[in-house]
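The values are calculated or read from the model by the stated rules, or taken from the named source; none is laboratory data. Quick caveat, the model's predicted, so the values are computed rather than measured. Glycine gets a Cβ as well: all are built from the backbone with ideal geometry, and neighbour counts include every protein chain shown. Ligands, DNA and RNA are excluded from the accessible area calculation, which covers all protein heavy atoms including side chains. Shrake-Rupley method; radii C 1.70, N 1.55, O 1.52, S 1.80 Å.
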Amino acid sequence: MNDENVIIVENLVKEYKMFTSKKDRLLESMIPGYQKHGTFKAMNNVSFTVKKGEVLGVLGKNGAGKSTLLKMVTGVVTPTSGKLEVKGKISSLLELGAAFNSELTGFENIYQHGQVMGLTKEEIKAKEKEIIEFADIGEHLYQPVKTYSSGMFARLAFACAINVDPDILIVDEVLSVGDMAFQLKCFKKFEEFKKRGKTILFVTHNISDILRNCTRTIIIDAGTKIFDGSVKDGVELYKKIIVGLNPLEMKKQAKIEEETNEIQNDVDLKDEQFKIIDDPLNDTWKEHMIQNDKVIDYGNGKAEVFDYGVFNEKGEYISSIENDKEIYLKSRIKFNDKIDSPIFTMTIKDFKGLEMCGTNTLIENVDTGSFDKGDVVEVLFKQKIKLGPGKYTLSFSCTHINSNGELEVLNRKYDALLIEILSSKDCVGFIRLDSDISYIKK
C-alpha cells in the first residue's frame with residue numbers, strides 16, 4: 001500500500017425526490033416551478049479517501065446507504081452534490097450480469113461485458129480462456145443466457161467481472177455465489193487480488209469476512225459516515241448498532257444520566273458517609289486476572305456483568321489455559337430489572353477481534369428461569385478450550401429475547417480478560433485435534 005489516494009470522496013450528497021402520489025409526480029414533471037415533493041437524503045455529506053492497495057470494509061444496516069455509495073463510486077448513480085474522484089479501472093461486483101444480454105449466448109456475453117468494461121477485442125481474447133475455465137459451465141456457455149439457472153448465470157457473471165484485471169475492485173455481498181467448490185475459487189481470486197496490492201471496497205454483513213480481509217473500515221448509518229478507523233473497533237461498534245444501540249443516541253442518553261447522577265450523588269452523600277457497606281461480593285475474581293483496560297462495555301443496563309474469572313479444577317485462578325485440560329469460566333451478573341429467560345454467554349476472540357468460539361445458555365438449551373431486580377447470579381461454563389496456542393480475549397455477556405422476538409443486549413463485557421492458551425503438542429490451524437490414527441502395512 002502506498003500514499004496515493006485512488007478514491008476521493010468529499011461532502012458527497014445523494015437526494016431522491018419523494019412523492020405522496022403519482023399525480024404530484026406527473027404535475028411536477030409537466031409544470032415549471034410546481035413542487036410537491038419531499039426529499040430523502042440517501043447520502044449525507046460523506047467524506048473519505050481510499051489509498052492504493054487498501055482493502056476498505058463498508059459496514060451498515062440494510063437501508064443505511066452502502067449500495068448507494070458504491071453505485072456512485074462506480075458511476076451508476078450520479079451524486080446530487082459533492083466531489084467524487086476515482087483513479088484507475090473499476091470492476092464492480094455490485095449487480096452481477098448487469099451488462100449481459102439475455103438473448104446472447106454466454107460466450108457472446110463475455111465479449112459484450114468486456115467491451116462495456118472498456119476492453120479491446122484483443123484484451124478480451126487474452127482473458128477468454130481464463131474466464132471460461134473460471135465459470136466452468138461446460139457446453140451451456142454456447143446457449144442463450146436466458147436458459148441459464150441462477151447459479152450458472154452468477155458463475156459466468158462473476159468470472160467476467162473478476163477477470164478483467166481492474167485497479168479497483170468493488171464487492172457487494174457476492175463472494176459466496178454458486179456451490180462450495182466455486183465459492184472456494186472466488187475467495188482464492190479475492191486473496192490473489194489482495195496480494196497483488198489491488199484496491200478493494202468490500203461490503204458485507206459478515207463481520208468475520210471484514211475482520212479477515214480488510215485493512216480499515218467505515219460505518220454508514222442513515223446515510224451518514226459515523227466511523228472511520230481500525231477494523232476491530234469498527235466491527236465492535238457495528239455489533240452495537242445491529243442490536244439497536246446507536247452510538248449517537250447513547251452519547252445523548254449518557255450525558256442526561258450523568259447530569260442526573262451528579263444531582264442524586266449530592267443528595268446521597270450525606271446518608272452514605274456514615275454508612276458501612278458489608279458487601280460479600282467486594283472480593284472480585286477479575287482483580288486476580290489479566291484485565292483488558294480497553295474492555296468494550298455496553299448494553300441497556302437492565303443487568304450488569306460485574307465480575308468474571310477463569311479457574312482450574314481445583315478452583316485456583318489461571319490466566320494460561322492448557323487446551324487439553326478442563327477449566328471453569330465464571331461470571332457474576334446483577335439484575336437491575338425483572339428479566340425472564342436471560343441468555344448467559346461467553347466468547348473467545350483473537351487479538352484481531354475474530355470470534356474463534358463461544359457458546360451460551362440458549363445454544364446449550366439451559367432453562368435460566370426468571371430474575372427480579374437486585375438478584376445476583378453466578379454462571380459457570382465448564383469445558384475444554386481446544387484452540388491452538390496463542391493469545392486471546394475472553395468475553396462475557398447477558399442478553400435476552402424480548403416480547404417482540406428481538407435480541408436485547410442487557411450488558412456485554414467484550415474483550416474483558418486477556419488469556420493465553422497453551423498446548424502440549426503442535427496444532428495445525430486454529431483447533432487442536434486429538435485423533436486416534438492407525439495404519440495397516442500391506
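Residues checked against (1) within 30 Å of K195 (Cα to Cα); (2) part of a helix (DSSP H, G or I); (3) at pLDDT below 60:
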{"residue": "L248", "(1), (2), (3)": "no, yes, yes"}
{"residue": "D279", "(1), (2), (3)": "no, no, yes"}
{"residue": "D283", "(1), (2), (3)": "no, no, no"}
{"residue": "G301", "(1), (2), (3)": "no, no, no"}
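Scan the range 303-318 and tell me whether some residue there is in a loop (DSSP other than H, G, I, E, B) and surrounded by 20 or more Cβ atoms within 10 Å (Cβ to Cβ). No, the range 303-318 contains no residue that is in a loop (DSSP other than H, G, I, E, B) and surrounded by 20 or more Cβ atoms within 10 Å (Cβ to Cβ). When L119 is tested against (1) open to solvent by less than 70 Å² (accessible area, probe 1.4 Å); (2) within 18 Å of L104 (Cα to Cα), only condition (2) is not met. Every test in (1) touching a helix residue (DSSP H, G or I) at 6+ places or on another chain (Cβ under 6 Å); (2) within 16 Å of L354 (Cβ to Cβ) is passed by E236 save one, and that test is (1). When you check F351 against the structure, is it buried (at least 17 other Cβ atoms within 10 Å of the Cβ) and of a type in the set (F, W, Y), yes or no? So F351 fails the test. None of L96, L104 is modelled with pLDDT of 90 or more and either out of contact with any Leu (no Cβ under 9 Å at 6 or more places or on another chain) or surrounded by 15 or more Cβ atoms within 10 Å (Cβ to Cβ) (or both) except L104. Across the range 72-93, the qualifying residues are those that are in contact with a Pro (Cβ under 7 Å, 6 or more places away or on another chain) and either of a type in the set (A, V, I, L, M) or open to solvent by less than 60 Å² (accessible area, probe 1.4 Å) (or both), and the one among them that is modelled with the lowest pLDDT is S91.
Within the range 109-117, at least one residue is under 26 Å from G53 (Cα atoms), assigned to a loop (DSSP other than H, G, I, E, B) and not hydroxyl-bearing (S, T, Y). Looking across the range 362-393, the residues that are open to solvent by less than 20 Å² (accessible area, probe 1.4 Å) and in contact with an Asp or Glu (Cβ under 8 Å, 6 or more places away or on another chain) come down to Y392, T393. Restricting the range 219-232 to residues that are surrounded by 20 or more Cβ atoms within 10 Å (Cβ to Cβ) and under 11 Å from the mean Cα position of the chain (by Cα), which is nearest to L70 (Cα to Cα)? Ranking the qualifying residues of the range 219-232, first place goes to I219.
Matching residues to (1) touching a strand residue (DSSP E or B) at 6+ places or on another chain (Cβ under 9 Å); (2) β-branched (V, I, T):
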position	(1), (2)
D165	yes, no
A181	no, no
K185	no, no
I210	yes, yes
I226	yes, yes
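In the range 323-334, of all residues being touching a residue at least 60 places away in the same chain (Cβ under 8 Å) and crowded, with 18+ Cβ neighbours inside 10 Å, the one that is farthest from E313 (Cα to Cα) corresponds to I333.
For beta carbons closer than 8 Å, sequence separation of 6+ or different chains, a first residue in the range 122-136 that is under 11 Å from K185 (Cα atoms) and modelled with pLDDT under 90 and a second that is assigned to a helix (DSSP H, G or I) and among the small types (G, A, S), the qualifying pairs are F134/A159; A135/G106; A135/A159. The selection criterion, being closer than 23 Å to D165 by Cβ and modelled with pLDDT of 90 or more, does not hold for E139. Scanning the range 143-171 for residues that are of a type outside the set (D, E, K, R), in a helix (DSSP H, G or I), open to solvent by 20 Å² or more (accessible area, probe 1.4 Å) and touching an Asp or Glu at 6+ places or on another chain (Cβ under 9 Å) yields a total of 1.
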